[in-house]
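The values are calculated or read from the model by the stated rules, or taken from the named source; none is laboratory data. Remember, it's a predicted structure, so these values are computed and weren't measured experimentally. Using ideal geometry, Cβ is built from the backbone for each residue, glycine included, and neighbour counts are taken over all protein chains shown. To get the accessible areas, we keep the full protein, side chains included, count just its heavy atoms, and leave off ligands, DNA and RNA. Shrake-Rupley method; radii C 1.70, N 1.55, O 1.52, S 1.80 Å.
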Amino acid sequence: AKLDGRNTYRFFTPQMHAKSVRALQLENAMRRALERNEFTLHYQPQICLHTGEIRSVEALLRWNQPELGQISPAEFIPVAEDSGQILQIGEWVLRKAITQLQTWHQEGFQKLKVAVNLSAIQFHQPQLPELIGRILLESEISPNSLELELTEGVAISDPKAATLTMDALRESGIWLSIDDFGTGYSSLSQLKRFQIYKLKIDQSFIRDLDHDSNDRAIVNAIIRMAQALGIQTTAEGVETQAQLDFLRDQGCDEAQGYWFSKPVSAEQISALLASYKPW
Ligand code: C2E
Ligand code: CA
Ligand code: CA
Ligand code: CA
């Protein structure tokens with residue numbers, strides 16, 4: 001047993017040890033990943049279900065590590081959060097995504113927006129609004145071309161500070177989305193208070209829509225609630241025509257998923273936009 005900083009004992013089992021060796025390995029490899037250009041961003045379209053337009057693309061981080069191969073963000077993001085490296089990596093993601101959006105705007109797709117995922121640790125940096133403001137200015141991108149995706153837990157640990165940050169971001173014109181909606185804790189009053197623009201309905205509710213009437217009821221209730229609050233809804237992980245038809249019937253505003261496109265490179269997004277016809 002080992003006493004950690006919070007005066008509680010933690011017991012290490014063999015499994016935990018094995019896990020921490022892998023985490024340590026990733027953490028070390030990550031130290032040089034930025035300078036070695038091992039990170040890239042892929043982008044996945046978010047489609048308006050009223051018009052068929054591609055309104056925005058979500059930036060998703062990819063890490064191609066020469067020795068360890070392709071590592072999923074679901075595995076390395078938590079390691080980066082634990083080690084604090086997420087701050088540097090997250091800043092790189094913001095800069096890269098916003099610079100890429102500038103390129104798409106110059107290619108003629110001026111209405112396109114980009115959505116960036118933020119970790120709670122980034123969100124709790126008091127300098128975050130200023131940092132993002134600076135990056136936007138450098139790229140001559142308007143704040144209302146940027147969406148930030150936060151998870152539901154973000155406001156829980158320090159609601160006062162979270163409110164200040166959300167207000168600062170929102171007042172600058174940036175759009176705030178709640179990611180993985182339905183899997184965490186958020187009170188309805190918070191949603192309204194924080195001027196949330198969009199709820200992204202977690203893909204776990206979309207996956208079995210075709211044969212699970214509970215999921216249909218949940219998705220219906222989320223869309224109704226969001227509409228009553230004047231908040232947009234986006235369904236994540238849409239893979240089938242039947243899911244799409246149900247979501248359009250319910251008045252869901254946007255969809256994202258393999259049915260339209262997997263996350264692809266910036267060049268592939270350019271090609272898609274150039275040949276794309278809305279409905
Ligand atoms: P997320 O933000 O919920 O992103 C959606 C995930 O669902 C992505 O996984 C995407 O590839 C996947 N997906 C999209 N459409 C479908 C579909 O139709 N079916 C299925 N089965 N999956 C679909 P990915 O790229 O592996 O990312 C996993 C998570 O890692 C993200 O979940 C996000 O929480 C985190 N992440 C990724 N990039 C970043 C980043 O730049 N910063 C931070 N903080 N987190 C990131
Ligand atoms: Ca997301
Ligand atoms: Ca999500
Ligand atoms: Ca997720």
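Can you confirm whether Ser204 is over 16 Å from the mean Cα position of the chain (by Cα) and either in a helix (DSSP H, G or I) or within 25 Å of Pro263 (Cα to Cα) (or both)? Break it down into steps so the answer makes sense when it comes.
On the way: over 16 Å from the mean Cα position of the chain (by Cα): no; either in a helix (DSSP H, G or I) or within 25 Å of Pro263 (Cα to Cα) (or both): yes.
Answer is no for this residue.
Would you mind telling me which numbered condition in (1) out of contact with any Asp or Glu (no Cβ under 6 Å at 6 or more places or on another chain); (2) under 26 Å from Pro126 (Cβ atoms) Val79 fails?
(1)
Among the listed residues Lys111, Lys96, which satisfies the condition of being among the charged types (D, E, K, R), part of a helix (DSSP H, G or I) and either open to solvent by 60 Å² or more (accessible area, probe 1.4 Å) or without any contact (Cβ under 8 Å) to a residue 12 or more places away in the chain (or both)?
Lys96 is the lone residue from the list that is among the charged types (D, E, K, R), part of a helix (DSSP H, G or I) and either open to solvent by 60 Å² or more (accessible area, probe 1.4 Å) or without any contact (Cβ under 8 Å) to a residue 12 or more places away in the chain (or both).
Taking the stated definitions as given, is Glu67 open to solvent by 20 Å² or more (accessible area, probe 1.4 Å) and either within 16 Å of ligand 3 (Cβ to nearest atom) or closer than 18 Å to Asn37 by Cβ (or both)?
yes
Collect the residues in segment 21-49 that are of a type in the set (S, T, N, Q) and either closer than 16 Å to Leu61 by Cα or open to solvent by 50 Å² or more (accessible area, probe 1.4 Å) (or both), keeping them in residue-number order.
The answer is Gln25, Asn28, Asn37, Thr40, Gln44.
Please go through segment 219-253 and give me each residue that is of a type in the set (Asp, Glu), within 16 Å of ligand 4 (Cβ to nearest atom) and closer than 30 Å to Thr99 by Cβ, ordered by number. So that I can check it myself, show each step before the final result.
Here is the first cut: in segment 219-253, the ones of a type in the set (Asp, Glu) are 236, 239, 245, 249, 253.
Add one more test, that the residue is within 16 Å of ligand 4 (Cβ to nearest atom), and what stays is 236, 239.
Scanning segment 219-253 gives a single hit, Glu236.
For segment 210-242, enumerate the residues that are crowded, with 22+ Cβ neighbours inside 10 Å and within 12 Å of ligand 1 (Cβ to nearest atom).
Thr234, Ala235, Glu236, Val238
Please count how many residues of segment 136-189 are outside any helix (DSSP H, G or I), within 16 Å of ligand 4 (Cβ to nearest atom) and under 14 Å from the mean Cα position of the chain (by Cα).
Adding up the residues that qualify gives 10.
Please go through segment 79-89 and give me each residue that is under 14 Å from Leu24 (Cα atoms) and near ligand 1 (Cβ under 9 Å from one of its atoms), ordered by number.
Ala80, Glu81
With (1) within 15 Å of ligand 3 (Cβ to nearest atom); (2) out of contact with any Leu (no Cβ under 8 Å at 6 or more places or on another chain); (3) under 18 Å from Ser20 (Cβ atoms) as the list, and Ala80 as the residue in question, which single condition is left unmet?
For Ala80, the failing item is (1).
Do we have any residue at all in segment 259-266 that's of a type in the set (A, V, I, L, M) and open to solvent by 40 Å² or more (accessible area, probe 1.4 Å)? Even if it seems obvious, please write down each step before you answer.
Going residue by residue through segment 259-266, those that are of a type in the set (A, V, I, L, M) are 264, 266.
Checking which are open to solvent by 40 Å² or more (accessible area, probe 1.4 Å) leaves us with none.
The answer is no; no qualifying residue exists.
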